[in-house]
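Quick notes on the structure that follows.
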Amino acid sequence: MNLSTKAIRKQVWVDLLIFFREPFFALPILFLPGLFFVVYAGAMAKSAASMEGFGQYIPIYMVLVVFLTVFFNIGMQYVTDKQSGIFKRLLLSPIRLSNLVLTYAIKGMLISVLGFIEMIAIAALVFRIPLSEHMPAVFLAFVIIAAVMMLISLSLHGFFKNTRQQMPVAIIGFQYVLFASGMILPVEKMPKILQYLVYINPVYHMNLVLLRVWFGRPQNWVNLLALAAWVALSLVFLWIQKRRPMDRS
């Protein structure tokens, strides 16, 4: 157990070093959440009746940023490393696939937490937006949501062998999440058949969970059970990938 923990720490440290050695890739991931929040907050603040009213948009933006940074960027790097042969070389060593997946998850969580700090700092210091009275619970819920998003991302991207397979699905997935999550179009105004597409969207449930935590409201068990179902499905996907011979070839 100690050997496995030591190996994971070493692998995470090496991944972070490689990550920061590519500034044109690393800097946008690290600072774009804050930059986009400045643009987003500036635009939305004009349409909101007050800065207090704008506070309700912060959880929505947090979920969207987690989706873009964790699901897309880390997921794409996951596929790129597989395509370049890094996975094959590492899996020929004593490193296990579960440890390798865990290092990507840890890196994604660190990036998510940094984005959270950026958004909260900008909201409070730049725009003077009143924050939630339940910030410790909001942070905890955000971390859990980011972890679930990371799990879904790695489990789905694990089926792709190269970026040519991943890119079309990523583009379609982005459109699906954007328009079928309740962030842009109200769900109740959608046709009934499209509402079912919203209800199976994990981002839709993440958004509602974080909003309820932000305002200190009781959770809806439907949202929690939907996310639990996605976690279970993602674990099944990872189990299938672990048993596939091609993952270790």
*Kindly provide the set of residues from the range 169-218 that are in a loop (DSSP other than H, G, I, E, B) and under 19 Å from Val143 (Cβ atoms), ordered by number.*
Phe215, Gly216
*For the range 178-192, indicate whether the set of residues that are surrounded by 13 or more Cβ atoms within 10 Å (Cβ to Cβ), among the aromatic types (Phe, Trp, Tyr) and under 13 Å from the mean Cα position of the chain (by Cα) is non-empty.*
no
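Here is a yes/no grid of residues against (1) surrounded by 15 or more Cβ atoms within 10 Å (Cβ to Cβ); (2) at pLDDT below 75; (3) over 16 Å from Leu238 (Cα atoms):
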site: Met76; (1), (2), (3): yes, no, yes
site: Lys88; (1), (2), (3): no, yes, yes
site: Ser93; (1), (2), (3): no, yes, yes
site: Thr103; (1), (2), (3): yes, no, no
site: Val113; (1), (2), (3): no, no, yes
_Checklist (1) over 18 Å from Val213 (Cα atoms); (2) at pLDDT below 90 applied to Met119, failing item_ = (1)
*Could you check how many residues of the range 97-138 are part of a loop (DSSP other than H, G, I, E, B) and among the hydroxyl-bearing types (Ser, Thr, Tyr)?*
1
*Output yes when any residue across the range 227-239 is part of a helix (DSSP H, G or I), more than 19 Å from Leu140 (Cβ to Cβ), in contact (Cβ under 8 Å) with a residue 12 or more places away in the chain and polar (S, T, N, Q), and no when none is.*
yes
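The values are calculated or read from the model by the stated rules, or taken from the named source; none is laboratory data. Nothing here was measured: the structure is a model prediction, and the numbers come from that model. Here the Cβ is made from the backbone with ideal geometry for all residues, glycine too, and neighbour counts use every protein chain on show.
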